[in-house]
Amino acid sequence: MPTDTKRVRGPEVSQSPTLFLCKHAAVLPSHGPRADGRQRDQVDVRPVFVRCGLVSQAKGSAYIEAGNTKLMCCVYGPREMERKDETDMKCGKLTTDMRFAPFSCLERGSWIQGSQDKDLSLMLHESLQPAVCLHKYPRSQIEVNVMVLENSGSVLAHAVTCASLALADAGIEMYDLVLGCSIRQNGASYVVDPSYMEENSCSSVSSENQGGLTVAFLPSLNQISGLQSDGEMTEETLTAGVRTCIEGCYKLYPVIQQALTKAVRRAAPPPSES
């Protein structure tokens, strides 16, 4: 008997539809220690592991791991522009692409870039472009590709740091490194480098001063290259949050410097015997 190609065959093993119901966000307490043992209202970031030069096919690459948040970034270029009508004789072009792996979140996603991926790619581009010396690469383009391997909170902040490391590993001339840090405001309390549960939890207090803030910072120049916020926060709260994020970036700076130093030493040729 011929096979009916128009029939959609179901899976051999079925599951109850109740497993796919949307679960309500958990209500986390607004006081006391956090779930991972870190303190509230303090610049307490997660331990960070950083490594450069892991992808041999790319001009530069970096891997960053903060808690359970894991990202990989690859940089290609500078190379000739694909479209001749977009060629700039005086300045190069920086393109960014940020995607989530299908297995990175609690709910499995797709390889097709969604609206969230496009928004994060745009924010990543706005944070990195002020730090790259694009005038050094006329008629060229530099591609930055970030892949989120596991999303456990503060993805944009760590993507900015990882992309900056990959650009430096590729030898792209930059004014300074770009470091990212984020906070989550919950009334009068805040948490630095929030986890996935803290970012998506319901508030147990009033709706005032509720939101998130991500800052991209150039530590050597003491300048902010990117800022993204959501929710509703007063001017005083937002100003204090920016200062807290800057302090968090300064805490990450020695770790990033050490990772770059190790990468340069590995890539340097051995000393010649005279």
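Tabulated data
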quantity: Debye equation applied to the C-alpha atoms of segment 175-274, log10 I(q)/I(0) at 0.14, 0.15, 0.20 Å⁻¹; calculated: -0.60, -0.66, -0.97
quantity: Cα gyration tensor shape of segment 107-196, rounded if a/c is under 1.5, else prolate or oblate by comparing a/b with b/c; calculated: oblate
quantity: Calculated FRET efficiency for the pair L122/E86, C-beta based, R₀ 22 Å, to 0.05; calculated: 0.80
quantity: In Hz, Karplus ³J(HN,Hα) per residue of segment 44-58 (6.51, -1.76, 1.60; θ = phi - 60°; x = Gly, Pro); calculated: 10, 8, 6, x, 10, 10, 10, 8, 10, x, 8, 9, 6, 6, 8
quantity: 27 Å Cα-Cα threshold exceeded, pairs from K70/K90; K118/K251; K84/K262; K59/K136; K70/K136; calculated: K70/K90; K118/K251; K84/K262; K70/K136
quantity: Accessible area per residue, Å², segment 29-111 with all protein chains present, probe 1.4 Å; calculated: 59 Å²
quantity: Whole-Hz couplings from phi, Karplus 6.51/-1.76/1.60, listed for segment 252-265; x for Gly and Pro; calculated: 7, 4, x, 5, 5, 4, 5, 5, 5, 4, 5, 5, 5, 5
quantity: Listed residue (S121, C162, Q210) projecting farthest to the positive dipole end of segment 120-274, Cβ model; calculated: C162
quantity: Loop GluC sites (Glu not before Pro), segment 143-182 (other Cβ atoms within 10 Å of the site Cβ: 15 or fewer; DSSP); calculated: E173
quantity: Difference of contour (0.36 nm per residue) and Cα-Cα distance, S56 to C105; calculated: 14.9 nm
quantity: Per-selection Rg to Rh, segment 31-152 - Cα, Kirkwood hydrodynamic radius; calculated: 1.05
quantity: Relative contact order (percent, whole number), segment 40-180, Cα cutoff 8 Å, 6+ residue spacing; calculated: 34 percent
quantity: Net charge, C74 excluded, C-beta distance under 9 Å - Lys, Arg +1, Asp, Glu -1; calculated: 0
quantity: Carbon/sulfur fraction of accessible area - segment 152-201, other protein chains in place, 1.4 Å, %; calculated: 48 percent
quantity: Global form of segment 79-147, assessed from the alpha-carbon gyration tensor, a/c cut-off 1.5; calculated: prolate
quantity: Over segment 208-255: Rg over Rh, Cα atoms, Kirkwood Rh; calculated: 1.01
quantity: Amide hydrogen neighbours beyond the local backbone of S104, cut-off 5 Å, H modeled; calculated: G109
quantity: 5 angstrom amide H check on G226, placed H, neighbours 5+ away; calculated: A216
quantity: Extension gain (nm, one decimal) between E173 and Q42, 0.36 nm per residue minus Cα-Cα; calculated: 43.7 nm
quantity: Using θ = phi - 60° and Karplus 6.51 cos²θ - 1.76 cosθ + 1.60, couplings along segment 138-149 (whole Hz; Gly, Pro as x); calculated: x, 6, 9, 10, 10, 9, 10, 10, 10, 10, 8, 7
quantity: Chymotrypsin sites (Phe, Trp or Tyr not before Pro) within segment 69-127: DSSP coil, no more than 13 neighbouring Cβ in 10 Å; calculated: F103, W111
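The values are calculated or read from the model by the stated rules, or taken from the named source; none is laboratory data. Bear in mind the structure is a predicted one, so any value in this text is a computation, not a measurement. Ideal geometry is used to build each Cβ from the backbone, glycine not excepted, and the neighbour counts take in all protein chains shown. Side chains included, ligands, DNA and RNA excluded: accessible areas come from the protein's heavy atoms. Shrake-Rupley method; radii C 1.70, N 1.55, O 1.52, S 1.80 Å.
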